[in-house]
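Everything below concerns the one structure shown next.
The values are calculated or read from the model by the stated rules, or taken from the named source; none is laboratory data. Owing to the predicted nature of the structure, the values given are computational and were not obtained by experimental measurement. Neighbour counts run over all protein chains shown; Cβ positions are idealised from the backbone, glycine included. The area values use the complete protein model at the heavy-atom level, side chains included, leaving out ligands, DNA and RNA. Shrake-Rupley method; radii C 1.70, N 1.55, O 1.52, S 1.80 Å.
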Amino acid sequence: MRTDHRATPDESLFAAYRDGGDERAFTELYNRYHPRLTGFLVKRGVTVEQAEDLASDAFLRMIRARDSY
């Protein structure tokens, strides 16, 4: 059975990803925060393309550092 993560708190999503590699939990976090982070950066003068790259880099770092949390 698939878990619907839309109502799951961020901390629980992160724990599900960190502890069990739950890709759906990661996807939900990405969907919640990538647009917000991109918008935040654009409002501070970064181009849309740069903001998208920087936001993606932040999530890539999260993937690479998963075992260190």
Which of the residues spanning the range 51-67 are in contact with a helix residue (DSSP H, G or I) (Cβ under 9 Å, 6 or more places away or on another chain) and within 12 Å of Leu37 (Cβ to Cβ)? Ala51, Glu52, Leu54, Ala55, Ser56, Ala58, Phe59, Met62
Starting from the range 41-69, take each residue that is among the hydroxyl-bearing types (Ser, Thr, Tyr) and list its partners that are assigned to a helix (DSSP H, G or I) and open to solvent by less than 100 Å² (accessible area, probe 1.4 Å), counting only C-beta distances under 8 angstrom and pairs at least six apart or across chains. Ser56/His34; Tyr69/Phe14; Tyr69/Arg18
The helices (runs of 4 or more DSSP H) lying entirely within the chain that contain at least 3 residues which are of a type in the set (A, V, I, L, M) and open to solvent by 50 Å² or more (accessible area, probe 1.4 Å) are 48-64
